[in-house]
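The structure appears below as structure tokens.
The values are calculated or read from the model by the stated rules, or taken from the named source; none is laboratory data. Small disclaimer: the values here were computed from a predicted structure and weren't measured. Here the Cβ positions follow ideal geometry from the backbone for every residue, glycine too, while neighbour counts run over all protein chains shown. SASA here: full protein model, heavy atoms, side chains in, ligands and nucleic acids out. Shrake-Rupley method; radii C 1.70, N 1.55, O 1.52, S 1.80 Å.
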Amino acid sequence: ISTPPQGAAVLLSSNFRILHCLRAPVGGLFRHVHDLALGQAELGADVGIVCDSTTGGPESKVGLNRLKDNCSLGVTRIPMSRKLDFSDWPIYRRIAKLARTMDVDVLHGHGAKGGAYARLAGKSLRKKKNTKVVYTPHGGVIYYSRSSLSGKLYFALERKLAGLTDGFIFESMFSGNRYAELVGRPECPARVIYNGLQRHEFYESLLADDAVDFVFVGELCKLNGVDEFLEALAQQQKIFPGRAIVVGSGPDEKYFKRRARRLGLGAQVTFSGPQPARTAFVRARCVIIPSRAESLPYILLEAAAAQMPIITTNVGGIPEIMANIPVPLVPPGDVAALAGQLRAFLSDPRPYLRRAAELQKHVANVFSVDMMVREVVDFYITDLGSGMHKMSNSGA
């Protein structure tokens, strides 16, 4: 798995056609596809999106409308199930027909389901056109245990689909190495290309007058460790009482609310529902990311860009974001260590503020949307040879 050539130069012909395939237009995966598709359109490509029609809220609607307005191949929405389903067969055939009609050069699948649809569709596309199929797992399958039945099933499916893949893009070295360990090392070109932020996302967040001490922003599921954060906060209440706000929604929301009440945190913790990260950052002095598993979390990039103090676990690609910045990383599942970091911040936030300023500069230099877009397109052209005939015919 190669690392990207920094600042790769990219030249696209006017009829280079790309179709991105994903399931749910929500969360970090959708944010990545949204930014990537808009960037590719700005470089001159004809870009389209195909995704699920049954998921997504107000923010997804805004993003999808923006894609419709800026991507010449438009947005196509199809009902897609989250798990394996009998409907998957007609759906991938429909995607293949769509890609064939659009005459795409690259069919790029995102996430386990979007990647499966893209690769199965690509099998029929190759019979008439040299369409390249690219797969970005976005974590997904790497979170499963090697010993679980679900893990064994999904790893076996990934191995079957590997032969239908022309190229892999991983958003972190961790994700690429973990995929190779669990599924197998890709036999086709593979590259690590980091997610990126827009320039306007780098600023110094101002605090509201009623700001609390800590904020969690994300899906309310056990994988994200909200329960462990609540336990850590309760452990040290008698030493340095702290208040927190939990921003988001998800399958374990009711469980977390009950847990907070049982821990005696009813007055210290507020569950606010979903809201933009930028709004949430104004409401607290420190961002908490207590995840049990991650790949390359956008919320950490966004918090770093806002120059927010951060307390996070040592999982996935998080150490890659931190690089040489001496941010203490908490072992996942270690509630006592997490409580210790909460106490340390409450007793003296100055070291956290200094590290936040250093981390913001580092993230600004390494995690750029412009760089991400150019490196992905460079991968299509340089590593896979996609669209080379068009570039030659156009005189590029």
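Things to note:
- Qualifying residue in segment 148-165 (condition: in a loop (DSSP other than H, G, I, E, B) and of a type in the set (S, T, N, Q)): yes
- Looking only at residues in segment 180-189 that are over 11 Å from R159 (Cβ atoms) and assigned to a helix (DSSP H, G or I), the one that is most open to solvent (accessible area, probe 1.4 Å) is E181.
- Checklist (1) surrounded by fewer than 22 Cβ atoms within 10 Å (Cβ to Cβ); (2) at pLDDT 95 or above applied to P58, failing item: (2)
- When segment 261-307 is filtered for residues that are open to solvent by 10 Å² or more (accessible area, probe 1.4 Å), touching a residue at least 24 places away in the same chain (Cβ under 8 Å), assigned to a loop (DSSP other than H, G, I, E, B) and more than 17 Å from Y143 (Cβ to Cβ), the ones remaining, listed by number, are L263, G264, Q268, S272, G273, P274, Q275, P276, V282, R283, Q307.
- If the condition is being open to solvent by less than 40 Å² (accessible area, probe 1.4 Å) and among the hydrophobic types (A, V, I, L, M, F, W, C), then segment 86-103 contributes I91, I95, A96, L98, A99, M102.
- Restricting attention to segment 216-225 and to residues that are surrounded by 20 or more Cβ atoms within 10 Å (Cβ to Cβ) and either polar (S, T, N, Q) or touching a Lys or Arg at 6+ places or on another chain (Cβ under 6 Å) (or both), the residue that is nearest to G28 (Cα to Cα) turns out to be N224.
- Some residue of segment 60-73 being outside any strand (DSSP E or B), more than 19 Å from R31 (Cα to Cα), out of contact with any Asp or Glu (no Cβ under 6 Å at 6 or more places or on another chain) and of a type in the set (A, V, I, L, M): no
- Per-region count, segment 104-129, residues over 25 Å from F155 (Cα atoms) and either assigned to a helix (DSSP H, G or I) or open to solvent by 60 Å² or more (accessible area, probe 1.4 Å) (or both): 2
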